[in-house]
1. Taking Tyr50 as the residue in question, decide whether it is touching a Pro at 6+ places or on another chain (Cβ under 6 Å), under 26 Å from Ala146 (Cβ atoms) and either at pLDDT 90 or above or not assigned by TED's automatic domain parsing to the domain that holds Ala137 (or both).
2. Where residues in the stretch 282-299 are at pLDDT 80 or above and outside any helix (DSSP H, G or I), which of them is nearest to the chain's Cα centre (by Cα)?
3. Does Gln221 count as assigned to a helix (DSSP H, G or I) and more than 21 Å from Asn286 (Cα to Cα)?
4. For the stretch 121-137, what are the residues that are in a helix (DSSP H, G or I) and either closer than 19 Å to Arg43 by Cα or in contact with a helix residue (DSSP H, G or I) (Cβ under 6 Å, 6 or more places away or on another chain) (or both)?
5. When you scan the stretch 34-83, how many residues do you find that are at negative phi and among the small types (Gly, Ala, Ser)?
6. For the stretch 55-75, which residues satisfy the criterion of being surrounded by 15 or more Cβ atoms within 10 Å (Cβ to Cβ), assigned to a helix (DSSP H, G or I) and under 21 Å from the mean Cα position of the chain (by Cα)?
7. What are the residues in the stretch 76-92 that are surrounded by fewer than 20 Cβ atoms within 10 Å (Cβ to Cβ) and under 21 Å from Glu130 (Cα atoms), if any?
8. Restricting the search to the stretch 172-205, which residues are more than 14 Å from the chain's Cα centre (by Cα) and within 14 Å of Val122 (Cβ to Cβ)?
Amino acid sequence: MAKRKSVAANIVLNAYDDLFETDESREDKKRERIYEIPLEQIRDMPDHPYKVKDDDNMAELTESVKEHGLLQPVLVRPLEEKDTYEMVSGHRRKRAYELAGLETIPCRVRELTKDEAIIMMVDSNLQRDEILPSEKAFAYKMKLEALKRQGQRTDLTSNPLGGKLGETASFIGEQIGDSGTQVRRYIRLTNLIPDLLNLVDEGRIKLRPAVELSYLPEETQTVLFDEIQAQDATPSHAQAIRLRKLYETGSLSENDIAEIMAEEKGNQKEKPMFRDKRITEAIPKNIPPEKHCDYVLKALDHYNRYRQRNRDAR
């Protein structure tokens with residue numbers, strides 16, 4: 001005869017304090033508080049899609065932090081490990097504190113699940129003035145996956161989402177005015193190899209052709225990137241469509257890629273900004289032609305400041 005399972009084994013015992021906890025005390029636990037937390041106790045969110053660069057803007061933020069501190073505390077969530085937190089919003093501010101040599105940072109601490117934190121991280125950063133296509137692509141993808149794990153509902157807004165991907169994508173894009181179709185286009189960019197995605201961020205490949213190229217396998221994308229480098233030209237939308245169709249019919253070869261990329265494209269006939277070759281040859285090769293004028297103006301401005309400093313030093 002099979003042994004009877006003890007009833008007591010299935011009983012879940014609550015902590016003594018939990019038995020007498022009121023609704024008010026439960027809500028109080030969820031309330032956001034501000035603490036000074038050591039930087040070493042704060043982990044960056046895994047796969048955070050927004051780039052944190054040590055550029056001129058970061059240098060300005062670091063100086064501001066040294067002089068005035070933070071106007072807006074960062075947002076973190078507590079992790080299961082004691083005295084450990086995960087950054088939700090404020091990765092740039094945290095980096096500025098690190099560069100400033102500070103040990104603690106003002107934090108808003110909020111109890112959030114992993115998916116709630118992802119949604120808040122994406123939403124808070126989408127409001128920035130400048131977002132790279134790659135940042136938007138991975139941010140949209142992370143939010144879409146978080147919403148799907150939540151059963152295609154957002155617990156933060158309590159707005160139900162439809163069961164179809166298109167409806168969910170439309171919901172995601174509403175915040176900054178992107179249509180569901182545009183959201184899905186950006187998410188497709190996550191299938192590009194890093195080299196091609198960098199060209200999208202630089203503006204050398206536009207969104208629509210980039211989407212077509214995202215359907216090519218990685219090894220084909222690598223061949224294509226090599227041709228882009230060799231020919232110093234990127235595919236137009238029409239060419240990207242042809243490349244995808246040839247691949248889908250199983251007839252795309254390396255020779256096809258080379259021939260298509262060798263075609264002259266009207267939209268890429270760049271007229272030289274300067275007639276004097278001595279100027280164009282002095283400009284770094286990684287500067288696109290449409291930015292040559294800006295580069296020269298910045299160089300002249302830097303040179304003029306140098307001359308002014310020398311005059312003032314006399």
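1. Judged against the criteria, Tyr50 is not a match.
2. The extreme case among them is Pro284.
3. no
4. Met121, Val122, Ser124, Asn125, Pro133, Ser134, Lys136, Ala137
5. Counting residues in the stretch 34-83 that are at negative phi and among the small types (Gly, Ala, Ser) gives 2.
6. Met58, Leu61
7. Within the stretch 76-92, His91, Arg92 qualify.
8. Correct list: Ile172, Gly173, Glu174, Gln175, Ile176, Asp178.
The values are calculated or read from the model by the stated rules, or taken from the named source; none is laboratory data. Remember, it's a predicted structure, so these values are computed and weren't measured experimentally. Every residue, glycine among them, receives a Cβ derived from its backbone with ideal geometry; neighbour counts consider all protein chains shown.
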